[in-house]
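The values are calculated or read from the model by the stated rules, or taken from the named source; none is laboratory data. Not measured: the values here are computed from a predicted model. For neighbour counting, all protein chains shown are included, and Cβ atoms are generated from backbone atoms with ideal geometry for every residue, glycine included. Note: accessible area is taken over every heavy atom of the protein model, side chains too, but ligands, DNA and RNA are not part of it. Shrake-Rupley method; radii C 1.70, N 1.55, O 1.52, S 1.80 Å.
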Amino acid sequence: MRIGILGSGLMGAKLGTIWARAGHAVVFSYAHSEQKLKRLARNAKGKAQAGTPREATQEADALLLAVHWSRVDDVLQQAGDVSGKTIVSCSLPMNADDTGLVIAHTSSGAEELAKKVPKARVVSAFGTVPSEVLFYCGDDARSKKTAATLIRDVGFDPVDAGPLRIARYTEPFTLLIAQLAYEGDAGPELAYRFERFGRKG
Ligand SMILES: NC(=O)c1ccc[n+]([C@@H]2O[C@H](COP(=O)([O-])OP(=O)(O)OC[C@H]3O[C@@H](n4cnc5c(N)ncnc54)[C@H](OP(=O)(O)O)[C@@H]3O)[C@@H](O)[C@H]2O)c1
């Protein structure tokens, strides 16, 4: 797959590197310095390169949106036409100091993103890391398949949580994981898995 990384920070740099090493063609974009993007591409080996958000988007089969909520409009504007593109978003609708969700309960960041880019196919995924099990949800079956492949390629089990509006539940859940990871005493290297104890399924 050709994957465009929109936002090459903690999430974008790491996921992009793993996908490049798994054999995907990755374009890292959107950082404060081009040097950083070039370094990421060099270190990722494989078919990775640095580019502008527009270059990352043009030929992409899938885009990873991994910027702070306050940068979403800017990076989308730089990306240009995203019609028909699968956008996998891990971006949470956080306030400026990352202390709370600015959208919740009656909507979600993923749904608001889908409204901003109605011609794109938005899937919400990777927002719940650090974890061993990732949720993803979306309204477009083909894009969800793409997201599931990308989740498997970083070594996680994809769990289909349903339509995009389920991001209303996964986004606040992420704050629980962040609390355990960053406010607890045991550090952020934590994982969880979901078990079913009934006979069904
Ligand atoms: N980190 C996590 O564990 C985690 C977990 C779940 C969800 N999320 C969500 O994922 C999203 C990305 O998080 P992150 O931790 O990866 O963020 P981050 O490390 O801050 O990465 C954001 C990227 O955007 C770039 N950027 C910011 N402002 C820019 C500007 N004005 N011009 C050009 N580039 C700019 C940064 O450039 P530089 O590289 O030069 O700084 C960086 O590459 C957020 O919405 C966050 O809520 C994060």
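Would you confirm, using the coordinates I've provided, whether L92 is crowded, with 16+ Cβ neighbours inside 10 Å and either more than 8 Å from the ligand (Cβ to nearest atom) or assigned to a helix (DSSP H, G or I) (or both)? Spell out the reasoning first.
Numbers: crowded, with 16+ Cβ neighbours inside 10 Å: yes; either more than 8 Å from the ligand (Cβ to nearest atom) or assigned to a helix (DSSP H, G or I) (or both): no.
No, not satisfied.
Tell me, please, whether a residue that is over 23 Å from W19 (Cα atoms), touching a strand residue (DSSP E or B) at 6+ places or on another chain (Cβ under 9 Å) and among the acidic types (D, E) can be found in the stretch 132-141.
Within the stretch 132-141, the subset over 23 Å from W19 (Cα atoms) is 139.
Filter once more, keeping what is touching a strand residue (DSSP E or B) at 6+ places or on another chain (Cβ under 9 Å): 139.
Remaining after also requiring among the acidic types (D, E): 139.
Checked against the condition, which is being over 23 Å from W19 (Cα atoms), touching a strand residue (DSSP E or B) at 6+ places or on another chain (Cβ under 9 Å) and among the acidic types (D, E), the stretch 132-141 yields at least one hit.
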Is the stretch 168-180 home to any residue that is in a loop (DSSP other than H, G, I, E, B) and either at pLDDT below 90 or β-branched (V, I, T) (or both)? no
Condition (residue is among the acidic types (D, E), in a loop (DSSP other than H, G, I, E, B) and under 17 Å from D160 (Cβ atoms)) applied to the stretch 97-118: is it met by at least one residue? no
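For the stretch 89-102, indicate whether the set of residues that are farther than 27 Å from A186 by Cα and out of contact with any Cys (no Cβ under 8 Å at 6 or more places or on another chain) is non-empty. First the steps, then the outcome.
In the first step, residues of the stretch 89-102 are kept if they are farther than 27 Å from A186 by Cα; the result is 89, 102.
Next, only the ones that are out of contact with any Cys (no Cβ under 8 Å at 6 or more places or on another chain) stay: 89, 102.
Scanning the stretch 89-102 turns up at least one residue that is farther than 27 Å from A186 by Cα and out of contact with any Cys (no Cβ under 8 Å at 6 or more places or on another chain).
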Inside the stretch 29-38, the number of residues satisfying the requirement of being open to solvent by 50 Å² or more (accessible area, probe 1.4 Å) and assigned to a helix (DSSP H, G or I) is 4
If you take the residues in the stretch 2-22 that are assigned to a loop (DSSP other than H, G, I, E, B) and modelled with pLDDT under 95, which one is farthest from L65 (Cα to Cα)? A22
Criterion violated by D160 - all others in (1) on the phi > 0 side of the Ramachandran plot; (2) modelled with pLDDT under 95; (3) more than 10 Å from the ligand (Cβ to nearest atom) satisfied: (1)
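For every residue, the table says whether it meets (1) open to solvent by 70 Å² or more (accessible area, probe 1.4 Å); (2) without any contact (Cβ under 8 Å) to a residue 12 or more places away in the chain; (3) within 18 Å of D73 (Cα to Cα).
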site	(1), (2), (3)
G109	no, no, yes
K115	yes, yes, yes
P118	yes, yes, yes
T128	no, no, no
C137	no, no, no
A147	no, no, no
F156	no, no, no
P172	no, no, no
A178	no, yes, no
Filter the stretch 39-81 down to residues that are under 26 Å from Y169 (Cα atoms) and assigned to a loop (DSSP other than H, G, I, E, B), then give me how many there are. 3
How about the stretch 69-89: which of its residues are closer than 21 Å to I103 by Cβ and either near the ligand (Cβ under 7 Å from one of its atoms) or among the acidic types (D, E) (or both)? W69, R71, D73, D74
Of the residues in the stretch 3-28 that are over 12 Å from the mean Cα position of the chain (by Cα) and touching a residue at least 60 places away in the same chain (Cβ under 8 Å), the one that is least open to solvent (accessible area, probe 1.4 Å) is W19
